[in-house]
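The values are calculated or read from the model by the stated rules, or taken from the named source; none is laboratory data. Only a predicted model underlies this, so the values are computations on that prediction, with no experimental measurement involved. Because the Cβ atoms are built from the backbone with ideal geometry, glycine has one as well, and the counts that use them run over all protein chains shown. With ligands, DNA and RNA removed, areas are computed over all heavy atoms of the protein, side chains included. Shrake-Rupley method; radii C 1.70, N 1.55, O 1.52, S 1.80 Å.
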Amino acid sequence: GARAVLGAAVAYELDADARELCHALATRRRPALYGDVIGELDPALAAPLALYRALHPGGALRGGGLISADGDSVTAAIAPTRRLLDTLAGDGRLDPALAGLGKLTPPDDDPGVWLAPGVTERLAQLAELVSRPRPPGEPPAMVVLAGPRGAGRRAAAQALARALGRPLLTVALDTVTDPQQQGRAGAVARAALTEARLHGAVPYLQGVEALVGDGRDVDRATFAAVAAFPDVVLVGATGKGGVSMPFARPFHLVRLPRADLDDRARAWAQALARFDAARAIPDGAAAELAGRYVIGPGSVAEVVAEAAAFARAAAAPLARADLEDAVGRRLSIHLGAYGTLVARKARFEEMVLPDDVVDALRDMIAMVKQRAQILERWGYQRHLGISRGVSALFSGEPGTGKTMAASVIASDLGVELMRIDLSQVVSKWVGETEKNLARIFDEAQDASAMLLFDEADALFAKRTEVKTAQDRYANLEVNYILQRMETFDGISVLTTNFEGSIDPALQRRLNFRVRFPEPEVEERELLWQRLLPPDTGLHAVAPFRKLAERFQMTGGYIKNAIVRAAVIAARQGRAMTVDDLWTGAHHEYAEMGKVLSSLTRT
């Protein structure tokens, strides 16, 4: 019935004789194509309800965007949509509604993404299953590709479409989740289904969670369109919290698990072999990159392709630095108001710390770089249940270098450092703090980023005796944090001025507990030397030893004193002098609450 209606609508639009015949059968009505006229022309629509079913607003024609009608009855005037006519005229472009969101991939396209043998076998089975003959009117089951970001879900969708000999239409629904554009994801999904029918493609709805939402706002029109689609539909989901597809349609599930070390090494090796024609990347780089970056095969292929494109533009061979830059861009993390990117990446030579603190920081870096060896090859993860995450508590007085040490670690590892704004995370509403934390940990884990919870006392404080409802919920927040810290696969650093205020259970779960002592005279002297910019020209004459002996300040306060000296000189319109250093240090010392009898320089 639907084919008969569609054929009549196209014939009416394109053939003058067909239009005259339809007008003759619809006397006393304005010239148009009416549903009941089509029923008189085609025997397939003579059965009861056949015409009504073919013209139903939720049916394959109207719901699929192939025809339009001016009413819901069988006497409504109908017409083919512009998209249908454009496609019949040979226009291969996608609907403008999918601009920047949709991509049509030919059947022979191979993204070059390594997929686990179990996944490829499952896809081959499903390709055979959905190709089998079915009873009339029964569409094949959906296929749900579930896995974390970068696991290769889109590559799996392309592999399945290639096995079916069909092009793949991918639409990125996960990029239209702006609350100001509610409903747009559903409209984009429906447009994608229409385009898939027009181009004979397999539709792949990437980020289907954008349609499901939180369960309160149900996009019934989109769910109905997916349920009524007469062909196979592929959807991509992260699988967080389970997989539930409210589309009133059975589905097959393909899980793409988080890649282990060996799988990541194979993915890197395959991607590098595809693009590194000049063999500029050494053979051992695949294993090294696999151990350093916990990203899936899909992300690996995209990273190498991006780096190769940059190398071609520069007319240079693919270099290791290009790969690391591409990984850094791929591992970007978006936390909105919850966190800010720490742009400055310090280096070890800039820090002045005791040897035991430096050794602890280097051990932390080594654990990140060698965790694949320790946890996966040596079996510590399986035997002791240790997660891949690396966590630390940095404690010490203000200005002793805790935040700077976190920056040093991030710089050495080549990862982004995100400072979490606890004022935005903690909420007075029950459950909101946990929800905010869940988003932070999920985003950081997907991006392999490093989290810095500065002044963490407000969030990671000791649990208290339950005397009020507020105490109970505060304890629940700490319990949730403990759970997420144990399962978090990324790098997290907590800083505090008072180590005793942090919950002991949390401290036990941390891999490192580093205490930053106040600097001694020799260390203060080095801090004065390293923090004073060389452009001042004062290093040869500045009394660094006397300043260190006179002012017992940590590195943060010494930095403030040097900046204060620069302000004094700039205010008077001259170059900075040694006297300015003494004056800046005296002012900073007084503001610390410490008093000198006079501005003595001995």
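Per the listing Phe251, Phe247, Phe229, the residue uniquely of a type in the set (Phe, Trp, Tyr), within 26 Å of Leu168 (Cβ to Cβ), modelled with pLDDT of 80 or more and surrounded by 20 or more Cβ atoms within 10 Å (Cβ to Cβ) is Phe229.
I'd like the full set of residues that are of a type outside the set (Lys, Arg), open to solvent by 60 Å² or more (accessible area, probe 1.4 Å) and touching a residue at least 12 places away in the same chain (Cβ under 8 Å), limited to the stretch 538-566. Show your work before the answer.
Of the residues in the stretch 538-566, the ones of a type outside the set (Lys, Arg) are 538-544, 547-549, 551-558, 560-563, 565-566.
If we keep only those that are open to solvent by 60 Å² or more (accessible area, probe 1.4 Å) too, we end up with 539-541, 549, 552, 557, 560, 563.
The answer is Val541, Glu549, Gln552, Tyr557, Asn560, Val563.
Can you find a residue in the stretch 3-21 that is modelled with pLDDT under 85, more than 27 Å from Pro96 (Cβ to Cβ) and crowded, with 20+ Cβ neighbours inside 10 Å? Checked against the condition, which is being modelled with pLDDT under 85, more than 27 Å from Pro96 (Cβ to Cβ) and crowded, with 20+ Cβ neighbours inside 10 Å, the stretch 3-21 yields no hits at all. Looking across the stretch 400-427, the residues that are more than 20 Å from Phe498 (Cβ to Cβ) and part of a helix (DSSP H, G or I) come down to Ser407, Val408, Ile409, Ala410, Ser411, Asp412, Leu413, Gln424. Note on the stretch 75-120: residues that are more than 20 Å from Thr170 (Cα to Cα), open to solvent by less than 50 Å² (accessible area, probe 1.4 Å), part of a loop (DSSP other than H, G, I, E, B) and not small (Gly, Ala, Ser) total 1.
Do the conditions hold for Thr87, that is, is it of a type in the set (Ser, Thr, Tyr), in contact (Cβ under 8 Å) with a residue 60 or more places away in the chain and farther than 30 Å from Val303 by Cβ? Step through it out loud before you land on a result.
On the way: of a type in the set (Ser, Thr, Tyr): yes; in contact (Cβ under 8 Å) with a residue 60 or more places away in the chain: yes; farther than 30 Å from Val303 by Cβ: yes.
Here the answer is yes, as Thr87 does meet what is asked.
When Ala337 is tested against (1) of a type in the set (A, V, I, L, M, F, W, C); (2) buried (at least 18 other Cβ atoms within 10 Å of the Cβ); (3) at pLDDT below 75; (4) assigned to a helix (DSSP H, G or I), just one condition goes unmet, and that condition is (2).
How many of the residues making up the stretch 432-474 are of a type outside the set (Phe, Trp, Tyr), at pLDDT below 60 and assigned to a helix (DSSP H, G or I)? Result for the stretch 432-474: 5.
Go through the stretch 530-546 and count every residue that is farther than 22 Å from Ala346 by Cβ and in a helix (DSSP H, G or I). Talk me through it step by step, then tell me what you get.
Taking the stretch 530-546 as the starting set, the residues that turn out to be farther than 22 Å from Ala346 by Cβ are 537-538, 540-543, 545-546.
Now narrow it down to the ones that are in a helix (DSSP H, G or I): 545-546.
Result for the stretch 530-546: 2.
Restricting attention to the stretch 64-73, the residues being assigned to a loop (DSSP other than H, G, I, E, B), in contact with a strand residue (DSSP E or B) (Cβ under 9 Å, 6 or more places away or on another chain) and either free of Cβ contacts under 8 Å to residues at least 40 places away in the same chain or open to solvent by 60 Å² or more (accessible area, probe 1.4 Å) (or both) number 2.
Whether a residue is open to solvent by 40 Å² or more (accessible area, probe 1.4 Å) and in contact (Cβ under 8 Å) with a residue 12 or more places away in the chain was assessed, and Ala44 passes this test.
With respect to the conditions (1) part of a loop (DSSP other than H, G, I, E, B); (2) under 21 Å from the mean Cα position of the chain (by Cα); (3) buried (at least 16 other Cβ atoms within 10 Å of the Cβ), Trp268 lacks only one, and its number is (1). Selection of first residues in the stretch 345-363 that are touching a residue at least 40 places away in the same chain (Cβ under 8 Å) and of second residues that are in a helix (DSSP H, G or I) and among the hydroxyl-bearing types (Ser, Thr, Tyr), restricted to Cβ pairs under 7 Å at least 6 apart or on distinct chains, gives the following pairs, ordered by first then second residue: Lys345/Ser407; Lys345/Ser411; Ala346/Ser407; Ala346/Ser411; Arg347/Ser411. Of all the listed residues (Val567, Val541, Val578, Val563), the sole one being among the aliphatic types (A, V, I, L, M) and within 24 Å of Glu397 (Cβ to Cβ) is Val563.
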